[in-house]
1. What pairs come up if the first residue lies in the stretch 46-73 and is among the small types (Gly, Ala, Ser), the second is open to solvent by 40 Å² or more (accessible area, probe 1.4 Å) and not in a helix (DSSP H, G or I), and their beta carbons are under 9 Å apart, counting only those six or more places apart or on different chains?
2. Mind listing whichever residues of the stretch 56-97 are at pLDDT 90 or above and surrounded by fewer than 12 Cβ atoms within 10 Å (Cβ to Cβ)?
3. Can you tell me which of Ala169, Ala188 is modelled with pLDDT of 80 or more, open to solvent by 30 Å² or more (accessible area, probe 1.4 Å) and aliphatic (A, V, I, L, M)?
4. Say whether the condition of being closer than 22 Å to Arg266 by Cβ, modelled with pLDDT of 85 or more, outside any helix (DSSP H, G or I) and open to solvent by less than 50 Å² (accessible area, probe 1.4 Å) is met by at least one residue in the stretch 121-141.
5. Out of (1) open to solvent by 50 Å² or more (accessible area, probe 1.4 Å); (2) modelled with pLDDT under 65, the odd one out for Ala11 is which?
6. Search the stretch 178-202 for residues that are without any contact (Cβ under 8 Å) to a residue 40 or more places away in the chain and pair each with any residue that is part of a helix (DSSP H, G or I) and open to solvent by 70 Å² or more (accessible area, probe 1.4 Å) when their beta-carbon atoms are under 7 Å apart and the residues are at least 6 apart or on different chains.
7. Mind listing whichever residues of the stretch 301-314 are surrounded by fewer than 20 Cβ atoms within 10 Å (Cβ to Cβ) and touching a residue at least 12 places away in the same chain (Cβ under 8 Å)?
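The values are calculated or read from the model by the stated rules, or taken from the named source; none is laboratory data. None of the values given here were measured: they were computed from a predicted structure. Glycine gets a Cβ as well: all are built from the backbone with ideal geometry, and neighbour counts include every protein chain shown. SASA here: full protein model, heavy atoms, side chains in, ligands and nucleic acids out. Shrake-Rupley method; radii C 1.70, N 1.55, O 1.52, S 1.80 Å.
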Amino acid sequence: FWLKPSWLTMASLERQCSAFFRADEHLSSMRLRSMHEVLEHLDPICPGMSASRAARSSGVLLRLLLNYGVALRAVRWPRASHAVHRNGVRALVLAEVGYLFLMLLVILRRLAPASSATALALPSSAVWSNAAAAVGALRPLASYSQLSYIPRIKRLVPGMWRSILAAVARWRSAATDTTISVRVLRFAASWLRVLAFTTVELTVFSLGLLSLHVKLDEVRAASPGRLALFGRRPWWLAFLNVCLGWLPFLGFANQITGIVDQEDLRMEAVLRTIFARESKEITRGEVEAVHEFNGVLLRELCCRHGVMHGAAMYLSLTSTDYRRLVVARDNLNDEGALPCAPGSAVDPRGARSAGELRGEGRSA
């Protein structure tokens, strides 16, 4: 009796059943739209270039220009190069600038085929998939810096543990080999992989910390009064001098926000939920499906609103827009439940009510 009191059993069962039915109603009302349905709902969700979408897309472009301006200024006026290891600091800055411009060339190369008039007549193809990937790459590039390597320290211990488990599994699989030399070689190769993974992650993390030190020195050294580029000149040159003095502060704040982009994480989570299966890692076919889906969206937006406006609208898409495009729900009432008979506790798919589960109404 003390293990299962009657009041606790009845009350908890009723609460669990009511919560179960509410959750089941919402889950059973959701489904994924087909590609034709997604395109039909594209105009209601993205009717045109609204003020919010224009602000999001223009914000990405402004942050991109700011990031490139800060990178070029660090090469032209390396304030942190007065410290020890002058050549190492300059190499770190040049590596970051080189990556930014290399990625910009790759983006332009992928966008070139889709900018032609004949590309709009093409169906879903690799041209629009590459163009969608290029437009999507502008968001992380707008706030990219080597500071983004710092959070990779969180991957060190789990990655090492996975590598060690893989090494142990290879060692056990090699136990059936007849020659001892094969077992020794597999054992050495497995632990070399562990060592290589650890070395790479620690090196990248160290580069992120060194980049943080360099940027803090640059921000600390920069001030509107110390950047005397024009001397005593007209007021507009002095105003330009002040703006250039504030450039490192704004650029550093922009790069700090790019260490972990919450919107990119949410969008990746939505796409993984929609396209990935129950496996832990997304497969290559699922990645290609995601790219094809994004390519179809970009092509449709460019066909309906023009190439420039369509690309800007695609750049302004958020995880909420993806969820509204793909996930469909049946009509719910004002309380968030599926429509059913008044006063009934039976769910639309024929599930029994909480009273039926407790035995009420059961025939003798």
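1. Once the first residue is among the small types (Gly, Ala, Ser) and sits in the stretch 46-73, its partners that are open to solvent by 40 Å² or more (accessible area, probe 1.4 Å) and not in a helix (DSSP H, G or I) give Ser57/Met49.
2. The one that is at pLDDT 90 or above and surrounded by fewer than 12 Cβ atoms within 10 Å (Cβ to Cβ): Leu65.
3. On the way: Ala169 fails: modelled with pLDDT of 80 or more.
Within the list Ala169, Ala188, the selection yields Ala188.
4. yes
5. For Ala11, the exception is condition (1).
6. Pairs found: Arg186/Arg170; Arg186/Trp171; Phe187/Trp171; Ser190/Arg170; Ser190/Trp171.
7. First, the residues of the stretch 301-314 that are surrounded by fewer than 20 Cβ atoms within 10 Å (Cβ to Cβ): 303-309.
Cys303, Arg304, His305, Val307, His309, listed by residue number.
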